[in-house]
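Shown next, in structure tokens, is the structure this report addresses.
The values are calculated or read from the model by the stated rules, or taken from the named source; none is laboratory data. Quick caveat: nothing in here was measured; it's all calculated off a predicted structure. Reconstructed Cβ throughout: ideal geometry from the backbone, glycine too, with neighbour counts over all protein chains shown.
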Amino acid sequence: MNYVFDFGSLGAYLPVLLNGVLVTVQLTVIGALFGVGLGVACAWARAEGPMWVRPIVSAYVELIRNTPFLVQLFFIFFGLPSADVRIGEMEGAALAMVINLGAYSCEIIRAGIQATQKGQREAGASLGMSPFQVFRYVVLLPALQKIWPALSSQIVIVMLGSSAVSQIAAEDLTFAANFIQSRNFRAFESYFAATAIYLALAVALRFALRGVGRGLFPRRSAMR
């Protein structure tokens, strides 16, 4: 083996890597916040919403969960301009991540909602709560508590899947690795660094989400 490793060659491109990390983190935060919000709305629609809304939401969920994320991304960025809807690389990447996470989180959250016992709903109503208050305090919070580990894992999966956004020239971490290896011709070192950073980001995100869970569900954390 005549290949000589040279990780020092990455030093000159450190700003590029840091920018890629920042973009990946930004997309993850946007995708997580709005994606989970969309998931909650869709879960409510499928579980308790008007009858005419349920088939529409079901079609959206099945469409997204049964098609590749890359195809969804290409449709948003390359397909929508044909309908005179033009968006930038970052906006297209963020929208694709929100739509994708929204569909997956919908089913995860809906499972938690369906696990809520009918008696709890009736108890909330007997206390004079409005239907919205019953859903928010009696149904949604316990549901999120039950499915938080699964939802956290899905957010991490979406973060890792964000590497596909480099295909539309969004300057994320994978884009940075591609750029660096095209300049210094050090593919092993470039992609090894990107792999290590993705691993660190995934571990950090899991710890962050675990902390969020402790803040949202203090009683559950106290029982552990």
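For the structure I just gave you, tell me whether Ser58 is hydroxyl-bearing (Ser, Thr, Tyr), modelled with pLDDT under 95, more than 19 Å from Leu151 (Cβ to Cβ) and out of contact with any Lys or Arg (no Cβ under 6 Å at 6 or more places or on another chain). No: the conditions fail for Ser58.
To keep it simple, each residue is scored yes or no on (1) crowded, with 18+ Cβ neighbours inside 10 Å; (2) in contact with a Ser or Thr (Cβ under 8 Å, 6 or more places away or on another chain); (3) over 25 Å from Ser9 (Cα atoms).
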position	(1), (2), (3)
Gln145	no, no, yes
Gln154	yes, yes, yes
Ile168	yes, no, yes
Ser182	no, no, no
Arg186	yes, yes, no
Ala193	yes, no, no
Ala196	no, no, no
Leu201	yes, yes, no
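On inspection, Leu73 does not qualify as among the aliphatic types (A, V, I, L, M), without any contact (Cβ under 8 Å) to a residue 24 or more places away in the chain and farther than 30 Å from Phe135 by Cβ. The set of residues in the stretch 141-181 that are closer than 19 Å to Leu205 by Cα and of a type in the set (Asp, Glu) contains only Asp172. Once the stretch 79-96 is narrowed to residues that are hydrophobic (A, V, I, L, M, F, W, C) and without any contact (Cβ under 8 Å) to a residue 24 or more places away in the chain, the residue that is nearest to Ile108 (Cα to Cα) is Leu95. If the condition is being polar (S, T, N, Q) and assigned to a helix (DSSP H, G or I), then the stretch 120-159 contributes Gln120, Ser126, Gln133, Gln145, Ser152, Ser153, Gln154.
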